[in-house]
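Worksheet for the structure shown next.
Readers should treat all values here as calculations from the given coordinates under stated rules, not as data from a laboratory. Because the structure is predicted, anything quoted here is derived from the model rather than measured. All Cβ positions, even for glycine, are placed from backbone atoms using ideal geometry, and neighbour counts span all protein chains on display.
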Amino acid sequence: MTDIIEITAPIEQEGTKAVVRNWLKQIGDRVREGDALVELETDKVTQEIAAPCDGVLSEISMSDGDDAEPGAVLGRMRVGASDARTETSAVLPQAQSASSTTTASTSTYYSPAVRKAAEEHGIDPASLKGSGKGGRVTRADMDHALEAGRPSPSAPLSPPMVAEQPFPTVQTGSKSRTVPHSAMRLSIARHMALSLTTAPQVTAVFEADFTAIMRHRERHKDRLKAEGVNLSYTAYFVAASVAAMKLVPEVNSQWHDDGLEIFEDINIGIGIALGDKGLVAPVMPQAQTLSLETIAARLQDLTTRARSNAIKADELKGGTFTISNHGVSGSLLASPIIINQPQSAILGIGKLEKRVVVREVDGTDTIQIRPMAYVSLTIDHRSLDGHQTNTWLNEFVRVLQSWPE
């Protein structure tokens with residue numbers, strides 16, 4: 001008798017759901033252990049699920065757009081099947097029977113995730129125009145229908161993504177198009193809404209003179225470039241953040257109802273934009289132990305792999321503080337930069353530009369042109385107060401402006 005092996009979603013995920021995005025093999029295909037079978041997309045990364053053994057793909061249990069909970073069965077394989085096409089008769093799971101409590105029609109196949117959404121949201125998938133292959137209704141279609149204001153009597157989102165009384169559809173009289181949300185975009189939306197409803201957030205803004213770090217960078221960047229390392233300004237921001245944490249360790253914390261947890265390790269997440277796809281914040285652990293050169297090398301590695309979709313899920317976990325260098329795309333100031341929960345603060349760096357400033361030289365005010373940028377710290381006001389926020393920013397700016405050559 002041929003053994004059947006289940007293909008399952010990883011138990012360890014990035015704290016949120018994964019969505020089946022693309023099957024790389026078809027039923028009946030012979031595969032070898034380690035061959036990529038299917039792609040799963042979480043809110044942060046896309047990962048390939050490999051074949052657990054040599055054999056034949058005999059069943060696909062979840063289709064494109066279906067939610068894959070940790071440990072969920074994605075499909076099954078036959079071990080030792082001699083003929084890839086004749087020994088595999090399993091097909092996609094059948095629709096539920098007429099006795100099911102779901103509102104979905106049983107005359108058409110709907111995936112388990114769609115049937116679950118039908119039960120939770122009270123939406124009949126037969127009433128929707130599917131975006132999947134061959135017009136198939138996907139879980140994403142069900143989610144879009146819910147967010148468009150269809151009834152959801154039994155399972156409101158937490159935090160709610162729509163008001164109790166749905167907003168009316170905008171009537172412009174002009175043509176429009178709908179772009180389905182990716183799993184990453186939906187997760188970012190929920191996470192941002194959760195952050196704002198969880199923590200009272202306050203932003204303080206300082207101005208930093210980059211003259212000192214620019215001089216240091218000019219002096220050392222060629223040497224590091226010869227070693228294959230780009231000495232970016234962000235490396236200085238990480239190092240200055242570490243210095244400021246030593247003065248105000250409460251910034252490197254997490255709020256709990258029974259106390260403030262202050263972390264010894266400073267694990268800094270670096271916000272990296274992925275174009276229209278969204279953004280990720282891979283974490284640089286124990287930044288307090290690293291030299292400027294090591295920080296620069298690790299930043300380069302994280303950035304390169306993030307933009308090539310090669311960041312591992314574990315590298316997105318464990319952050320205690322986040323830096324958003326939003327100025328690289330041109331903004332002078334962003335407020336608030338929403339805190340990456342459950343952290344207590346996030347640093348924002350605005351666009352670097354030359355500005356006219358007043359500097360005192362030998363007791364006389366002088367007008368000078370300096371490379372300046374706004375820097376902001378958004379805090380969870382439950383964890384921190386204005387005095388601590390300003391003390392942290394003062395130290396951060398002081399370190400940047402007094403950087404030795």
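Results, tabulated for the structure shown:
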{"quantity": "Sequence-distant aspartates and glutamates (8 or more away, or on other chains) whose Cα lies within less than 18 Å of K221", "calculated": "E293, D301, E405"}
{"quantity": "Gyration tensor (Cα) of segment 199-401, equivalent ellipsoid semi-axes in angstrom", "calculated": "26, 23, 16"}
{"quantity": "Test item: Cα-centred dipole of segment 3-79, Lys/Arg +1 and Asp/Glu -1 on Cβ, debye", "calculated": "220 debye"}
{"quantity": "When the convex hull of its Cα atoms is projected in every direction, mean area for segment 3-79 (nm²)", "calculated": "4.2 nm²"}
{"quantity": "Net charge over other residues, Cβ less than 15 angstrom from the Cβ of P371 (K, R count +1; D, E count -1)", "calculated": "+3"}
{"quantity": "Protection proxy ranking of 241-253, 291-303 - average other beta-carbon atoms within 10 Å, highest first", "calculated": "241-253, 291-303"}
{"quantity": "Segment 314-387 and segment 218-279: distance between their alpha carbon centers, rounded to Å", "calculated": "12 Å"}
{"quantity": "Selection from S61, V79, L40 lying farthest towards where the dipole of segment 3-79 points positive, charges on Cβ", "calculated": "V79"}
{"quantity": "Neighbourhood net charge (13 Å Cβ-Cβ; Lys/Arg +1, Asp/Glu -1) for I213", "calculated": "+3"}
{"quantity": "Within-9-Å neighbourhood charge of R21 [Cβ basis; K, R +1; D, E -1]", "calculated": "-3"}
{"quantity": "Assigned charges on the beta-carbon of Lys, Arg, Asp, Glu; segment 199-401 dipole about Cα centre (debye)", "calculated": "880 debye"}
{"quantity": "Estimated inter-spin distance, E48 and I11, nm [label 7 Å along Cα→Cβ]", "calculated": "2.5 nm"}
{"quantity": "R0 of 35 Å, Cβ-Cβ distance D265-E120: FRET efficiency to nearest 0.05", "calculated": "0.30"}
